[in-house]
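Novice: Below are the C-alpha cells for one structure; questions will follow.
A short reminder: the numbers here are calculations on the coordinates, not readings from a lab. Note that the structure is predicted; figures quoted are calculated from it, not measured. We place every Cβ from the backbone using ideal geometry, glycine too, and count neighbours over all the protein chains shown.
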Amino acid sequence: MSRTGHSLALGCLHKYIGGLATQQNLTNTVGILIALAQDPSSTVVQLWAIYSFSLVALSSGPMFRDYVEPVLTLCLRNLLTTNDSDVSYATGKLVGAITLTIGPELQSNSSAVVSIRNSLLTICSILTENDHHAVKSEAVSCFQQLHLFAPRHVNLSTLVPFLCESLISNYDVLRKASISCLRQLTQREAREVLDHASNLAPQGLIDKKVSILPENGLEGALFCLLDTEIDVDVINNAKETLISLLQNTVNEQLGQWLTLCKEILVAVSSDIISPNQDQKFVKGNTSKDADLLSSGGGNLTDDTGEEGAMKIGGDEEIVGSAGPWYKAAGSSRYVSRCFAVEIVRKIIATCNNERAHFDLALARELQLSGGKSDYLVLHLSDLIRMSFMAATSNNVDLRLAGLACLQDVITNFAKVPEPEFPGHVILEQFQAQVGAALRPAFTPDTPSHVTAAACQVCSSWIGSGVARDLNDLRRVHQLLTFSLEKMNKGSVSVQLYNESTATLEKLAILKAWAEVYIMASSSRETKLSEEHSDLSLNDVDNNRPQDSLLQLVEPELAFLIDCWINALCDYAVLSLPSEFIDQGFRVPDSQNYFTLESDSIDTIRNYYRDAWPQILLSTSIWLNNNDFEIDGKNEGKSKDGRFVLIIGSCMEALCNPKLADNTQTINSCLQSLNSILTCSFGRIKLVEDYRLIIELLNVLHRVVLTRDNFKTLMLCTQLLEIILTAAESCLAHCADDQSDSENVFDGGEGTSNGKLEPGNSVVYAALEVCLCQLVKQVA
C-alpha cells in the first residue's frame, strides 16, 4: 500500500507542479516508476505506477521524449505477461499520453520514429483483443490519436470493422469511444470508411443475423443509433459522422442517400412507442478514472458483468453483434426522422453548386450523353413526398423540419421549366400535395410556431408564381385568410399561454401577407412598364398569376395596413436603448403585440427583427399608393407620424453597425425610402426641413462608402435622384406656401460668393454621394 501511494504521489507532483519545475527530477521519477511497474508480485503496484507514468508523460511533454522507447518496451512486456484488465486499462492511458507527447513527429520516417510508431500500433492492436469494454475503449482512443498525427499508418481495414462492431456494444463507454473515432475518420477518409464498412452489411445469401451492419450499411446503423441512444455526445457524434459521409459521397450516391432518408421517414410499425417511452440504451458506468481505478485492487469490472447493458423493449437483453439493427427494423423514432429531413435539406444545399440538379432538360441530356446518371431534379417527387410526410406528422419538431424542407424545395425548384410542356414549371403537378401539406398547420389546435413556419411557406409558394390559375391561388390564399381572421377576431393564442409564441404567430402572419403584397405590387409595376414599352401586345402576358393575386390581397389591405403600422411602432420601441425600456418608457400606439413586462422580451425582439423589413416595405408601398391616407382621413398629425415612423426606422437601420452584413434588410430600407418619397406628401414632408435632406444624403454617402453590392448601389443612386427631384419640384410649392419656418429648403445655397458650407448644404451632401459612386465605379 505504501508503494502504491508513493507512486501515485510522484505522478501527481509532476502533474500539478509542471514539467519545467520537475525537469531535474524526471530521470529519478522514471527510474522509480519503471521499477515499480515491473513488479510481478503485485498488480496493484503495477497499475498505479503505470497510471502515474501517464501523468508524468502528459506533464513533461517533449522532455519525456528520451524515455519513450523504454516505457513502450515496458508496456509490451506487461501486456504479454499479465491478463489483468486494470493493468491493461492503465497501459492504454499511458500509450495515449505518449502519443500526445510525440505528436506530429509520428509522421516522420526516421528509424527511431518508425520503431516507436510500430510499437504503438502493436500495443493498440493487443488492447483491442482484451475482453473488457473499458480496455477496448482505451484502445479506440489510442487509435484515434494515432490517426490524428499519423493517418497514413493506421490500418482502416481492421479498425473500421472493429468500430462498427463496437457500435452495438452493451457498454456506453465503448460505444462513445467508437462513434467519436468514426466521426474523426469520416472527416478525412469518408470514402475509405464506407468501402470497408460495406463488407459488413448483408450481401446475397449471407444471413442478416451474422452481419454486423444492417442492409443499408453504416449510414443505416448510425440512424438506428439515433433511435436507441440517449447519450448526448453519442447522438451528436453520430449526426456529425452522417453529415461528413454525406458531404463526401453525395455526388456519387445521391440516390442511395435519398432512398435511405425515405425509408426512415416511411418506417412505421406497431413497435413504435411514445416519444417519452422510446427504446433507449441504459447508460453504463461513466465514472472518472479515479473511481475506475479504485483502491484495494482497482477493479474495473463488475462481478455480474451486466453494468451498462443495453435494453430494448421490456427486460430483454440484446446479446451478440446483431442486436439493435434488426430489433428496431421497420420503426423509426422522431429523433432519426427529424434528422433524416435535415439530411434531405443538406442534400439540396450541397447540390446548389451544379446547375443540372435543378434543370430537368439538362439532366436528361447529360444522362443520354453518358455523363453522371443521377440528379436531384429526377427525385423531385421523392422530395415532395418526404416533405409532405414530415409536415403532416404528429410530432411538432418533425412538422417544423418538414415545413422547412418544403420551403427549400419551393425556393430551389419554383423556376425549373417542364420540358414537355413549354411555358409551365415542374412544380405545377405537385400543387395538391403542397396544399395538403400546409393545411394541417392552420388548425386551431396547432402550436403557434408551427403556424408561423407554415405562413412563411405559404408566402413563398404564392410568390413563386407556380400557381397560375385563380382557383389554384385561392387554395393556399384561404389558409392565410383564415390565419388573418384569427388575428382580426383576437383569437390567436396558445393552450398554455405564452406571449412570445403568440407574438411569433402574429408577426409571421403579417410578414407572409407583406411578402405576398410586395410580390404582387412589383409584378404589377413590371407589367405596366412593359405595356408602355415598344413590345407588342402579343409579347405581354395579360393573365399573370400576380394580377389575380393582387385581387385576392386587396380586400384585406384595410385591416393589414393597421396591423403593419402597429408592428412597426412596436419595433421602434424595442429598438430603443435598454435604459428607456427599463424605465418603463411608453410610446403611443405601441405594444400592440407584446408587453414590456414580458419575461421573454429578448426573444420577442428577435421575432420583430426578423419580420420588420418585409412589413416596412409593404407599408411603404401601400402608403405610396394612397398618399399616406388611411380610411379617407386627412389628419395631418397622423400622416406626419406615419412619415416619421417610416423614415426614422429606415435611417436607424441604415446606420446600425449590427446590420452591416444584412444586405437584404439594407435594400428593403432603401426601397421603402424610394416608395415614400415618390408620393406628393412624402416629397413635401422631406423639403420642410433641409436638415432632414442633408442627414438622409449623409446616410446614403455612408452606405455607398461601405457597401459593394450592386443592387444596393443602384438603389442609392435612384434614391439620390428622387431626393434631388423632390427638392427641385417642391421649391415652387414652398415659395407659394410662404412658410415661416427657417428650415424650409428654398435653394440659393451658393449665395453671392458661391461657397457651399459643408454640413449645411444639400448640394454639397449630394455631390459627396455622386463622387463616392464614381470613385467606386472607376476603381
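Novice: By count of other Cβ within 10 Å, fewest leading, how are HIS379, HIS6 ordered?
Specialist: HIS6, HIS379
Novice: Amide H of VAL425: which non-local residues (sequence gap of 5 or more, or other chain) have their own amide H closer than 5 Å, using H built in the peptide plane?
Specialist: GLU418
Novice: For the pair ARG65 and LEU576, what calculated FRET efficiency results from E = 1/(1 + (r/R0)^6), where r is the Cβ-Cβ distance and R0 = 56 Å, to the nearest 0.05?
Specialist: The value I calculate is 0.35.
Novice: Within 10 Å, count the other beta carbons around each residue, average over each peptide in 351-360, 397-406, and list them highest first.
Specialist: Going from most to least packed, we get 397-406, 351-360.
Novice: Could you order the peptides 103-114, 384-395 from most to least packed, using the average number of other C-beta atoms within 10 Å per residue?
Specialist: Packing order, densest peptide first, comes out as 384-395, 103-114.
Novice: Also, I was wondering about something else. What fraction of the Cα pairs in region 79-226, stated in percent, has a spacing above 24 angstrom?
Specialist: For region 79-226, the fraction of Cα-Cα distances above 24 Å is 34 percent.
Novice: In what order do LYS639, LYS136, LYS755, LYS685 fall by count of nearby beta-carbon atoms within 10 Å, going from fewest to most?
Specialist: LYS755, LYS639, LYS685, LYS136
Novice: Something else: So what is the orientation-averaged projected area of region 376-486, using the convex hull of its C-alpha atoms, in nm²?
Specialist: If I average the Cα hull's projected area over directions, I get 6.6 nm².
Novice: Can you tally the net charge around VAL44? Count Lys and Arg as +1, Asp and Glu as -1, for every other residue whose Cβ sits under 14 Å from the Cβ of VAL44.
Specialist: Net charge around VAL44: -2.
Novice: Cross-link list LYS136/LYS239; LYS486/LYS506; LYS176/LYS346; LYS711/LYS776; LYS346/LYS506: which exceed 18 angstrom alpha carbon to alpha carbon?
Specialist: LYS136/LYS239; LYS176/LYS346; LYS346/LYS506
Novice: Something else: How much length is gained on full extension from ALA9 to ALA349, taking 0.36 nm per residue of separation minus their Cα-Cα distance?
Specialist: So the chain would gain 116.9 nm between ALA9 and ALA349.
Novice: Okay, next question. Peptides 247-256, 50-59, 560-569, 176-185: what's the order by average Cβ count within 10 Å, highest mean first?
Specialist: Final packing ranking: 50-59, 176-185, 560-569, 247-256.
Novice: Determine the equivalent ellipsoid of region 90-151 by diagonalising the alpha-carbon gyration tensor, then write out the semi-axes as square roots of 5 times the eigenvalues, largest first, rounded to whole Å.
Specialist: In descending order, the three semi-axes are 21, 11, 9 Å.
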